[in-house]
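Please read the structure below before turning to the comments.
The values are calculated or read from the model by the stated rules, or taken from the named source; none is laboratory data. Since we're looking at a predicted model, the values are computed, not measured. Quick reminder, even Gly has a Cβ in these numbers, built from the backbone with ideal geometry, and neighbours come from all protein chains shown. Surface accessibility is based on the protein's heavy atoms, side chains included, excluding ligands, DNA and RNA. Shrake-Rupley method; radii C 1.70, N 1.55, O 1.52, S 1.80 Å.
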Amino acid sequence: MLTQIQQYKAHYKKWEAQQEIGMQIPSLKFLIFIFGKFISLIMSKIYLRNATVGKLVICRKKPSLNIQGKLIIGSGTKIWSHINRTRLAVFKGAEISIGNDTFINGARIASKSKITIGNHVHIAPEVVIMDSDFHDISDLDSDGLSSEITIGNKVWIATRAMILKGVTIGDGAVIAAGAIVTKNVEAYTVVGGVPARLIKHIKN
């Protein structure tokens, strides 16, 4: 009888120790998570030190940056480089303005004029956004034409789409994968193809 009681006590102490560990693990995971976020914020500040940056802007992996002009990034925006490195190039006298809570992962964005990206925009890997031809077809040494690009709020630009100079994309529009956008896109529409054409309207 005494042996059984001792066994029960031993089992109970073992169970009690497991419960304490079980309570400690979530707390430890939470602390590690917070520490990781803190480090990401610090590294993001370093990466984007030559840009005007809002609050809680986070980079996951180091983006490739060429900032000769003005780069503005709104609060809560995420710049990831999970599949490909995100590349942002702002040439002298140009501007790239990115709104709040926008998500960019592995895109290439280059401006010789001005590119404005709204709030809550999702830009997928291998997307290319360029507001300039960067050379003239009859003179490769010439800079070519540049014209402002404006992308509205809550726009989704899917993988390998290209947005070319002079284009305005309305709020809530979806650009299908592989589309080449050479003309304005209406709000709350889906476009796709080469060149991009209207596929359907989306309910607002």
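Data overview
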item	result
Reciprocal mean inverse distance between Cα atoms of the range 63-155 - Kirkwood radius, Å	13.3
Amide H within-cut-off set for Asn119, under 5 Å, with H built and near neighbours excluded	Asn100, Asn153, Lys154
Per residue, in Å², the accessible surface of the range 153-203 once ligands and nucleic acids are set aside, probe 1.4 Å	55
Greater than 31 Å apart at Cα, pairs in Lys78/Lys200; Lys62/Lys200; Lys70/Lys203	Lys62/Lys200; Lys70/Lys203
Thr168 long-range amide H proximity, modeled H, under 5 Å	Thr150, Asn184, Val185
Residue list for the range 163-204, given a label point 7 angstrom along the Cα-to-Cβ vector of Ile137 and an amide N cut-off under 15 Å	165, 182, 195
Carbon and sulfur %, accessible surface of the range 128-193 computed with the full protein complex present, 1.4 Å	53
Accessible heavy-atom area order of Val128, Val167, highest first, probe of 1.4 Å	Val128, Val167
